[in-house]
Amino acid sequence: MTESSDGRPDDAEPVDPKRAHEWVLDDLRLLEGPRSRTSEFFRVLRIVREFIRGFRALHFVGPCVTVFGSARFPEDHPYYEKARLIGAEIARQGFTVITGGGPGIMEAANRGAYEVGGRSIGCNIVLPKEQLPNPYVHKFVTFRYFFVRKVMLVKYSQAFVIMPGGFGTMDEAFEAATLIQTGKIFSFPIILVGVDYWTPLLDFLKQTMVPNGTISESDLKLLHLTDSVEDVVRHLECCPSEAVPEPKPKKKPARAWKMQT
């Protein structure tokens, strides 16, 4: 992969700021209530087009493991290094590592896969403050709608690795758990990495939600807590689709798949 002076792939150009601003405003209009039927019709067409382009871009990436986690951890943070090791091991098992494509934990997981010759994918999102793709992806897709991006991260995944993170990470973890709980997707492994970080949350689930009947004891078994990279690999053996390790791919420039209006 060739890189620009700021470390991004040469063709990983950011979305034009004016266009990005228009996309953010369109998201606000989508959720503010009813608008004209014509406006809603064309918005649906834009959403459908984004789904189609996402499906086309990711159709041949093979069985994936999605790694979620905070964008705020720097390169010298222990969680960054752990995610980098996990990304490498996922790739060695033959899976494609897929992340949100940004910095922090996402970069670390992509980097681990990239450095051992594995396949590394980023699904980026247009935000008011632009999140640039990290330089360790073979392909990245830039989405305007959060919910389309979330569908892509679930659709192609055989397991979910949840590193320490914030609201977005928790949203993605619980959405995966809800989809499994309600039978909307197969019982893919959901692996929480970071015992110290996630134990208080799991204690709340066990000590508050289970006694109140809002979740069942069996629901807790959907979440696997560990600090061990080896344990993550063992859980990957439960994936519905068996990945086949491939030879180290030839390095090619990343292909930019941006969702255009």
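The values are calculated or read from the model by the stated rules, or taken from the named source; none is laboratory data. Source: prediction; values computed, not measured. Glycine also receives a Cβ, built like all others from the backbone with ideal geometry; neighbour counts cover every protein chain displayed.
Residue pairs whose Cβ atoms lie under 9 Å apart, sitting 6 or more positions apart in sequence or on different chains, and linking a residue in region 199-219 that is in contact (Cβ under 8 Å) with a residue 40 or more places away in the chain to a partner that is assigned to a loop (DSSP other than H, G, I, E, B), are D219/V210.
Considering region 146-170, and only residues there that are of a type in the set (G, A, S) and surrounded by 19 or more Cβ atoms within 10 Å (Cβ to Cβ), the residue that is nearest to H224 (Cα to Cα) turns out to be A159.
If the condition is being among the hydrophobic types (A, V, I, L, M, F, W, C) and assigned to a loop (DSSP other than H, G, I, E, B), then region 67-109 contributes A71, F73, F95. Just one of the numbered conditions (1) in contact (Cβ under 8 Å) with a residue 24 or more places away in the chain; (2) surrounded by 15 or more Cβ atoms within 10 Å (Cβ to Cβ) is not true of A176: (1). Of the residues in region 204-222, not one is aromatic (F, W, Y) and within 18 Å of the chain's Cα centre (by Cα). Among the residues making up region 124-144, those that are over 12 Å from the mean Cα position of the chain (by Cα), surrounded by fewer than 23 Cβ atoms within 10 Å (Cβ to Cβ) and modelled with pLDDT under 90 are L127, P128, K129, E130, Q131, L132. When you look at G117, is it in contact with a helix residue (DSSP H, G or I) (Cβ under 8 Å, 6 or more places away or on another chain) and buried (at least 24 other Cβ atoms within 10 Å of the Cβ), yes or no? For G117, the condition - in contact with a helix residue (DSSP H, G or I) (Cβ under 8 Å, 6 or more places away or on another chain) and buried (at least 24 other Cβ atoms within 10 Å of the Cβ) - is not met. Candidates in region 81-108 are the residues that are touching a helix residue (DSSP H, G or I) at 6+ places or on another chain (Cβ under 6 Å) and surrounded by fewer than 24 Cβ atoms within 10 Å (Cβ to Cβ); of these, the one that is nearest to S157 (Cα to Cα) is Q93. Among all residues of region 27-34, there is none that is part of a helix (DSSP H, G or I), of a type in the set (D, E, K, R), out of contact with any Gly (no Cβ under 7 Å at 6 or more places or on another chain) and at pLDDT 90 or above. Could you say whether any residue in region 62-80 is modelled with pLDDT of 95 or more, closer than 17 Å to N124 by Cα and either among the polar types (S, T, N, Q) or loosely packed, with under 12 Cβ neighbours inside 10 Å (or both)? Yes, region 62-80 has at least one match.
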